[in-house]
1. State which residue pairs qualify: first residue part of a loop (DSSP other than H, G, I, E, B) and inside region 47-63, second residue more than 9 Å from the ligand (Cβ to nearest atom) in any location, beta carbons under 7 Å apart, and separation of 6 or more residues or different chains.
2. Is there any pair linking a residue in region 77-99 that is of a type outside the set (Asp, Glu) to one that is open to solvent by 80 Å² or more (accessible area, probe 1.4 Å) and within 6 Å of the ligand (Cβ to nearest atom), with Cβ under 8 Å and at least six apart or on different chains, and which?
3. Given the options GLY75, GLY68, name the one that is out of contact with any strand residue (DSSP E or B) (no Cβ under 6 Å at 6 or more places or on another chain), open to solvent by less than 50 Å² (accessible area, probe 1.4 Å) and more than 20 Å from ASP25 (Cα to Cα).
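The values are calculated or read from the model by the stated rules, or taken from the named source; none is laboratory data. Being a predicted model, the structure only gives us computed values, none of them experimental. Ideal geometry is used to build each Cβ from the backbone, glycine not excepted, and the neighbour counts take in all protein chains shown. To get the accessible areas, we keep the full protein, side chains included, count just its heavy atoms, and leave off ligands, DNA and RNA. Shrake-Rupley method; radii C 1.70, N 1.55, O 1.52, S 1.80 Å.
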Amino acid sequence: MVRNLSAITIIGLLFFQAVNAQQDDVSALMQRNACTGCHQPTVRTVGPSWQEVAERYRDGSKTAAQLGERIRKGGSGAWGAVPMPPQAQLSQADLENIAAWILANH
Ligand code: HEC
């Protein structure tokens, strides 16, 4: 009985974590991946502000898929000489969600 109860508790916890992960919004993702250490909403710091990025690609010259790929690879030259480290730890879905969020208005 005790063993069954703990199994149920563990399954419950796993389920709770899965639901929690799905509810993670983009800003939490960006904090967890240290994007916010180099990027601010409206002020250029180490990297361009989200607002500058959105303004540059407002004409549709980069899609969310293209920008997501750029985030994954990192690199330099689009905004200056300082390189952005690659972000290979992010899933395709997370990359595109983040990119779409940036392009949307920030
Ligand atoms: C160590 C600092 C640093 C971190 C951490 C960092 N970036 Fe950057 N990011 C930069 C720099 C510097 C540039 C400008 C690169 C260039 O000039 O091409 C940049 C550029 C960008 C661009 C514009 C790319 C383009 O093609 O115009 C986006 C979007 C971006 N970063 C998103 C992110 C996201 C999302 C994360 C977190 C997953 C992140 N960055 C983490 C420094 C960083």
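1. Note: pairs meeting the criteria are SER49/GLN40; SER49/PRO41; SER49/THR42; SER49/VAL43.
2. Here the result reads VAL82/VAL46, each pair linking region 77-99 to a residue that is open to solvent by 80 Å² or more (accessible area, probe 1.4 Å) and within 6 Å of the ligand (Cβ to nearest atom).
3. Being out of contact with any strand residue (DSSP E or B) (no Cβ under 6 Å at 6 or more places or on another chain), open to solvent by less than 50 Å² (accessible area, probe 1.4 Å) and more than 20 Å from ASP25 (Cα to Cα) holds for just one of GLY75, GLY68, which is GLY75.
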